[in-house]
Each structure stands twice: as structure tokens, then as C-alpha cells.
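Colleague: Sharing a structure below in C-alpha cells format, with a few things to ask.
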Amino acid sequence: MDGDLPKEYFELIRKTLNEKKREAVSGRPLKRKKRRNTRSTTEDVQNSSVEVIDLESNSNDVQLATEVIDLDSGGGEAITMLNSEVSEDQHDDSVDSDEFEDVEDTDFENLNDISITINKEEKPVHKNKTARKNVCSNEERRKRKFIHMFYLLCLLINGFLRNEWLNNSKLLSRLGDLIPEKVFEQLHPRKDEDMPLRSTRKLLDGLKKCMEIWNKHWRITKRYESIGCYMRFWDEFDEKWSGYSQSLNKKMFIKNVLKGVGDRDLAAQGFVALLRSCNLNARLVISMQPPDFTNLRTLESLSNSAVNVSYDDMIKYPLFWCEVWDKFGKKWITIDPINLKTIEQIRNASKLEPRGGAPKRRNQLRYVIGYDRKQGTRDITRRYAQWLNSKTRKKRITKDKEGEEWFNRAIYALNRRKRTKIDDYEDAYFDQRNANEGMPDNLQDLKNHPYYILERDLGKNQIIKPNAKESGYLKLNNRVHGVLKVYERKNVINLKSGKQWYMEGRVLKTGARCKKVIRKKNVRLSNIDDDNEEERLYSIDDTEIYRPPLASAFGEITKNTFGNIEVFVPSMIPANCCLIESPVAIKAAKFIGIEFAPAVTGFKFERGKRSKPILSGVVVSKLYREAVETAIAGIENSIEEDERKGFELNALEQWNKFLLKLRIKSQLNQVYGTVVEAEKKSVPVETPEAGGFFVTGSESVVGPNISNLNDCNVEMNDGSATNLSDQYSEGEPMGGFLPVSTERTKNGNFEEKQESDNEFSNNDESSNEFGGTKGTDDEYEDFMNDMEL
DNA sequence: TTGCAGTAGATACCTTTGTTTCTT
DNA sequence: AAAGAAACTTTGGTATCTACTGCA
């Protein structure tokens, strides 16, 4: 179709496109249909071109791919169509350009090189090439999340136990000797009524002294043998954890702390004990480093981009430190006595939050947990993470609701003390910090922010409260979008259609006004006469709880057009009725002949998009409740009885068949002499322990297995018979009857069986029908008569 | 080197009451 | 003749998340 276009056109287009690229004017967004088309390497292109020529050497021109240039729209947008994609179209000239996908202009440098995919076998190869290499599978994703949570839980419990060790009375009394009387007084200053800050000042001085004392006391600081408690990358879980410190028991722990020997973690923990020995309310604070579950890179890509973090960078920021309650300032004071050797009263940012690329790779501050001396456990990440809501939150398991509940449960389980005033003060401080964090200044952080939302990120069924004002603006460098409005999330209202509200047992109030009108999602489903493609949405304030009409005195219930009553929530049951859920409820209600309504409690969605109602029970007047329940019990009972009888009958039938076959066999043996049986190790007839029912692997029939009665020419599935024999001949006897046959031909068939088959079929064809699944009762009877049974 | 807007691709979620033909 | 079983049908739009790219 484009064969008529002269070459100059292409060059013109190419030129225009290149200019447009430079200007970076993005009109309507160009779509790339399939990456593999544009990404295919030149080699591929050439190869395929050659192949095409070979394949289509009869075609008039070398039109390998048709390229349609739409000159009218957008002044030079090029649209390509690939032969392979529309091979059925057979070069239809009348193809409308709208049918083609717009393709990004990246590959128009080589317009003469035409990319094309011909061989179907090649397609998956292309797909694999362009498939994401660095994203792990869904399963792996879940696994990582699980490991993250498990790891975190272990750390939480470990912290709790370690915190208990710190309360050891012997340890505390010995450590208390390290603190001179003067310093002790500084740590417990008198309250200055006029200027509480002065008391705080004294406390801080005392703490500084303590820190100095501790640094003198701690003589030997061991190097971490591996990476200590810092964060591991995912590929490091597959390696052997060599050099991980041997389990440290309580005794050794106390001994080492008193001696002042150990790694940085131990030093920090010991410092907490030191402060507790001075009767201060000191917290053991741990920044936990479970692996990053939001990092979805595969192990290969991880190891390729393995980031080497130097030891010094890694230990720059601590994982263990200390907090002391300042009762004058009603704040927690943070002390890191080892790594940064700092004391701080955190206002908006902490020095302990890792900064810079390298340290952050091994130390992502996400979960900071404080354990106090009364076995209280609290999540105090807020104090240390400057951008908790916009950045840190995304790396935490609490980023979704499920994870948050899990985490809260874990913390709750480890918090062994009642709430105190100190917690109130701290929560107030956290609220203050949340408020101070303010609005993010970039798009990424505004996504899923707990407090703010961009106007453009509002869902289709969401609106901002009518009189709410925007709380700020986000200025983008991009000239196209300019300034975006940001609202507080609490001003967002979720809307639902009338039908959706009905599913929650609510109906629109009279005179309710719709808040928003959207296009219906599935136009295709809606009937032809239902040309209303708009969906009106309402807020919860526009609705009220649905009160279904009461049943009449005779128990008559108002039903819908389908003859049902919908009970999606309990409030949708009429007040004087009840819902009885049972698979046989409808049957029971019918049986006793009362007024009832089948209850639709939900829908099931099957393929083909058709949904079907779930009729899980009936709604009846409360008067009939007992009657229906009794009837249901009766029906269930009788069903059970029937099942039992059926089972019994089936079993008896199988036995009957079996015995019949034995008779046939013995009769045949009498007439024609015994077939070689000596080689068969287990002859079912003579097996003494052969009793009871025998369930085969492939058949669900209960009863004796008949496959081993070769002489009776049991009509069997050859395949299943072979499989059975395979199973049994090699495995242990499974009890009961064993179709063991050791003679096999190369084809895997049983020689013996074949022989006997032939033998038998020659003698009596009609018996072929016997014993198999096809035989009917009449035939059995006939045969039994023949056998004079 | 780092941060970030924009984008593509993958995945998850929402959907919320058939019809025709044959057999018993 | 009526009732019931069986076969046929085999979406698709939107939201959300993540990695990647190119730019500053």
C-alpha cells in the first residue's frame, strides 16, 4: 500500500521526527505496541528479512512490512504495521489507519530496515529477550516478604530477650560502681521550678560523663566477624553464614559487659545497663535490619550489581543505642555512646538516621524499636526517620493495612506493661513530628502518602469534599503539567453507585443528589436497550440503611423479580424473619409447604464474566424457623442414609461380581484345565488375609480388584492395567490382592494376559462383556443362569 | 553520583441473576 | 408437554506497582 510512496517521503518524515524529538514536544502520547518489535537487534532484522525474501520471493515488490505514513494527523506521526501481525489481512489497501498502533519513533533511523517477525517459534525468544530480567517471580516476591517478616519477628523477640538480660540485678549492681557519686547526682538533679531546662541541662551533663566513663571502661571493641546485624542482600541468604557470632548466653553476656569486651552492639547494650544501674529510665533502642522486601531484583542481577560497602561505611551509623527519659523536659534523650558518640534531643531530624549512599545500603532505618526497663516495647521509628510518611513508610511492612495489623500485633505481644503518662507524652511528640514532616515536594513521595493526595491521583470514584481547600501545591519542573494541587487525604470522599450501596445494604435517601457521574465500566455487558452508559455515584451521606418490608401475618415475604430475596448483610433480612443457611434449605422449605424466599447471599464469578447468584439458604418468617430447621435435619439425615446405603450396595455389587468371576474361573479351569499359575506369586483366591475392600489407585470403585484375574478376561483399560502392574510389581504389597505379574514382553504388555485373552476370546466371545464396567445387570443375570448359580 | 518525572509492562482487582438445544 | 440437563460461552477496563530510561 505504501509502495507508491517515493523515497523522499520517508526522508522527510525522518527529518521531521528527529526535529520533533529535539524540541521534546510531546503531543498525544505515542504508544509502543510491542517492545520486541522495536527492540529487535539489527541482526534479527536482517535475518528475518532474508527469510522473508525467501519465503515471499513471489511477491511483486519487496514489501516486507507495510509502513503507513499518516501525514494529516500530527504532522508526521509514523504508523507502522507489521506484516506478521496482520498477515490475515492480505495487504488490504482499504485498511484504515486508525487500526494501526502508533509506534514510537525510536527506530526510524533505519526506515529501510524493516523489522518483522515471521517464524512463530521465534516469538517466545523475542519475548524472553525483552522480558524483565531483574524482576523476581511472584512466588519469590511472596517468599521475600515472608522472610522479611520472619526475620523482623526474630529480631523483635531477640531484642526483648536481650533487654531482659540488661535488667540482671548482679550486672546492674556491679556496673553501678563505675559511676561516681558526683555524676550520679548530676543524673538526678532537683527539679528547677522556674527553669526546667536547667534540670535537663544537668542531666545531659551527667549523661555525657557517663558516656566518657563507658568509653574508658570498654577497652576492647571487637570487629564484627561478618556484617553483624546490618542488612543482608537477598543473595547473601543462599550463602553459608560463616563467621556469624556463636550464640551468646546470658552468663557470657554479663561477663563481657562487665569486662568491657565485645563488639559495638554489646558496648551499646552495656551502656543501657549502666544507665539503668543509676536508676534512670533507659531504653534499649534497636534499628532492625531485615532484608529489603521491596527490592525485587533477581539474585543474578543482584550479584551483578553487588554493591560493595566498606566496613567503615557500614558501621558509620549504629544499630543499637540508648534513650533516657528526661522527666523535666518530658522528652526522650538519645545517646549513641559508641559509633557517633553523641547525645541529642531530636526535633526534626536525627543524626542517627543513615545518610549517604554507601552506609544506607547496609543500614536502612525502617524499624526502630525501644525496649524500656519495665518490659515495654514501642515502635519509635518516628523519632529517627525524618521522612517517615513519605519515604521510610514505603520500605516498611506497614505500608499496607495487612502488614500494619501484623506489625501492631507483634509489638502488642511484646509490650508487657501498661500504658503510662510517658507514652502519652511520646505519642503527642510523634503527632507533632507527623505534622511537622509536612507535604512531600515530589511526585513519588505523594503517591500513597498517608496524609496527602494529589488531585490527579484521585480515584475515579473519589472526590474532594465540596468545601475543602487544597493544602498546597506541587511545582513540577516540567512545563507541561506545571503546578499540581495537593489535598489532604481526610478530605477525600469515596463514592459508590446506587447498586454498590445496595450490596452493602444501603439505599439512596429520597432526593439524594449524585456527587459525580462516570462512564460505566463495562459497556459491553449492559443490554442494548439500556443505553444509559453513565453511572451516578453517591456518598454514604446520601444513603440510609435499607429496611426490607416485613413479612405478612401468613409469612409471605416480598421477593424481587427473580423470585428471591437478597441478603448481602444481616440488616437486609426482614425484621420478623430469619435466614436459614443450608444447601437443602430450599428443599426443606418446599417440603413443608410454607411461605419462604430463597436467599441470595452473594455472587460467584465464573469465566465468561457471567455471574451467578449464590442461593445459600432461605428466608422464612420467624414462626417457621423451627419447622424448617427440623425439616433440614431430616433431609440431611435421609441423604446421609441414602449415601450409606448406596455405598453398601455398591460394595455388595462389587463382591458379587468378584465371586462371580471366581466361579467363572474355576469353571473354566475345570473344563479346560489349569492355566499355568505356579509362577504367579500371589493368587488372590488363596490369599488368606484377602478381606475387606480394596481401593485401587485409578478406580474409585470400592470392592475387590479384578484386574489380576487375567483368565477371566476382565475388560480393562490396557493402560491402567499396565500402570497398576508397574506400581505393584516394584513396590511393596499393598495388602489385599496383588496383581503381580513378572512376565513382560519388551512392549511392556503382559504376555500371559495376551495369551489368555486370545484363548478366552476364541472360546467365548460373549464373556468379553463380563466383569468390565460396561456389563449390565441383565447380562450378569444371564451369565449367572448359564453358570447355574 | 543521585534524585526524580515519565513510561511500559505486569499484576491485581472489580465485575454483581444466560441462552439454546436436547433428553427424559 | 413440561421440566430439567447439558452444551455453549471463554472479557476487559482500571488501578497499582515496579523497573527502567533519560535528564538535570
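The values are calculated or read from the model by the stated rules, or taken from the named source; none is laboratory data. These numbers were taken from a predicted model, which means no experiment stands behind them. No Cβ is skipped: glycine too gets one built from the backbone with ideal geometry, and neighbour counts run over all protein chains shown.
Colleague: Identify the residue in segment A:584-604 that is in a loop (DSSP other than H, G, I, E, B) and touching a residue at least 12 places away in the same chain (Cβ under 8 Å) and, among all such residues, is surrounded by the most Cβ atoms within 10 Å (Cβ to Cβ). Walk me through it before giving the result.
Modeller: We begin by selecting, within segment A:584-604, every residue in a loop (DSSP other than H, G, I, E, B); these are A:584, A:593-596.
Remaining after also requiring touching a residue at least 12 places away in the same chain (Cβ under 8 Å): A:584, A:594-596.
Values: A:Val584: 19, A:Ile594: 18, A:Glu595: 17, A:Phe596: 27.
Filtering first and then ranking leaves A:Phe596.
Colleague: Okay, moving on. Is one or more of the residues making up segment A:224-231 in contact with a helix residue (DSSP H, G or I) (Cβ under 9 Å, 6 or more places away or on another chain), closer than 22 Å to A:Asn363 by Cβ and surrounded by fewer than 17 Cβ atoms within 10 Å (Cβ to Cβ)?
Modeller: For segment A:224-231, residues in contact with a helix residue (DSSP H, G or I) (Cβ under 9 Å, 6 or more places away or on another chain), closer than 22 Å to A:Asn363 by Cβ and surrounded by fewer than 17 Cβ atoms within 10 Å (Cβ to Cβ): absent.
Colleague: Do we have A:Asp372 as within 25 Å of A:Ala273 (Cβ to Cβ) and either among the hydrophobic types (A, V, I, L, M, F, W, C) or crowded, with 18+ Cβ neighbours inside 10 Å (or both) here? Can you show your working first?
Modeller: Working: within 25 Å of A:Ala273 (Cβ to Cβ): yes; either among the hydrophobic types (A, V, I, L, M, F, W, C) or crowded, with 18+ Cβ neighbours inside 10 Å (or both): yes.
When the stated conditions are applied, A:Asp372 passes them.
Colleague: Which strands (runs of 3 or more DSSP E) sit wholly inside segment A:299-396 and have at least 2 residues that are in contact (Cβ under 8 Å) with a residue 24 or more places away in the chain? Explain how you work it out, then say what you get.
Modeller: Numbers: elements: A:320-326, A:331-336, A:342-344, A:367-371, A:377-379.
Answer list for segment A:299-396: A:320-326, A:331-336, A:367-371, A:377-379.
Colleague: Right, next: What is the residue count in segment A:499-511 for residues that are within 25 Å of A:Phe603 (Cβ to Cβ) and in contact (Cβ under 8 Å) with a residue 12 or more places away in the chain?
Modeller: As a first pass, look at segment A:499-511 and keep what is within 25 Å of A:Phe603 (Cβ to Cβ): A:499-508.
Now drop any that are not in contact (Cβ under 8 Å) with a residue 12 or more places away in the chain, which leaves A:501-508.
Within segment A:499-511, residues that are within 25 Å of A:Phe603 (Cβ to Cβ) and in contact (Cβ under 8 Å) with a residue 12 or more places away in the chain number 8.
Colleague: With (1) touching a Lys or Arg at 6+ places or on another chain (Cβ under 6 Å); (2) away from DNA strand B (no atom under 13 Å from the Cβ) as the list, and A:Ile594 as the residue in question, which single condition is left unmet?
Modeller: (1)
Colleague: Can you name the helices (runs of 4 or more DSSP H) wholly within segment A:415-513 that have at least 1 residues being exposed (fewer than 13 other Cβ atoms within 10 Å of the Cβ), more than 16 Å from DNA strand C (Cβ to nearest atom) and among the basic types (Lys, Arg)? Write out each step before concluding.
Modeller: Numbers: elements: A:421-437, A:443-446, A:498-503.
So the answer is A:421-437.
Colleague: Within segment A:180-197, can you find the residues that are over 19 Å from A:Arg283 (Cβ atoms) and either surrounded by 14 or more Cβ atoms within 10 Å (Cβ to Cβ) or under 54 Å from the mean Cα position of the chain (by Cα) (or both)?
Modeller: Filtering segment A:180-197 for residues over 19 Å from A:Arg283 (Cβ atoms) gives A:180-186, A:189-197.
Residues satisfying the conditions are A:Val183, A:Phe184, A:Gln186, A:Pro189, A:Asp192, A:Pro196, A:Leu197.
Colleague: Give all pairs with beta carbons closer than 9 Å in which a residue from segment A:463-477 that is among the acidic types (Asp, Glu) and modelled with pLDDT under 90 meets a residue that is part of a strand (DSSP E or B) and surrounded by 13 or more Cβ atoms within 10 Å (Cβ to Cβ); count only pairs at least 6 apart in sequence or on separate chains.
Modeller: Taking only residues 6 or more apart or on different chains, the pairs are A:Glu470/A:Ile464; A:Glu470/A:Lys485; A:Glu470/A:Val486; A:Glu470/A:Tyr487; A:Glu470/A:Glu488.
Colleague: Return a yes/no flag: does segment A:374-381 have any residue that is within 30 Å of A:Asn138 (Cβ to Cβ), at pLDDT 90 or above and either more than 16 Å from DNA strand C (Cβ to nearest atom) or under 28 Å from the mean Cα position of the chain (by Cα) (or both).
Modeller: Applying the first criterion (within 30 Å of A:Asn138 (Cβ to Cβ)) to segment A:374-381 yields A:379, A:381.
Imposing the further condition that a residue be at pLDDT 90 or above reduces the set to A:379, A:381.
From what's left, either more than 16 Å from DNA strand C (Cβ to nearest atom) or under 28 Å from the mean Cα position of the chain (by Cα) (or both): A:379, A:381.
Yes: segment A:374-381 contains one or more residues that are within 30 Å of A:Asn138 (Cβ to Cβ), at pLDDT 90 or above and either more than 16 Å from DNA strand C (Cβ to nearest atom) or under 28 Å from the mean Cα position of the chain (by Cα) (or both).
Colleague: Another question about this same structure. Looking at segment A:517-531, can you tell me whether even one residue there is modelled with pLDDT under 90, more than 12 Å from DNA strand B (Cβ to nearest atom) and in contact with a strand residue (DSSP E or B) (Cβ under 9 Å, 6 or more places away or on another chain)?
Modeller: The answer is yes, given that some residue of segment A:517-531 is modelled with pLDDT under 90, more than 12 Å from DNA strand B (Cβ to nearest atom) and in contact with a strand residue (DSSP E or B) (Cβ under 9 Å, 6 or more places away or on another chain).
Colleague: What are the residues in segment A:262-294 that are surrounded by fewer than 24 Cβ atoms within 10 Å (Cβ to Cβ) and of a type in the set (Val, Ile, Thr), if any?
Modeller: A:Thr294
Colleague: Scan (1) of a type in the set (Phe, Trp, Tyr); (2) surrounded by 14 or more Cβ atoms within 10 Å (Cβ to Cβ); (3) within 16 Å of DNA strand C (Cβ to nearest atom) for the single condition A:Phe658 breaks and write down its number.
Modeller: (3)
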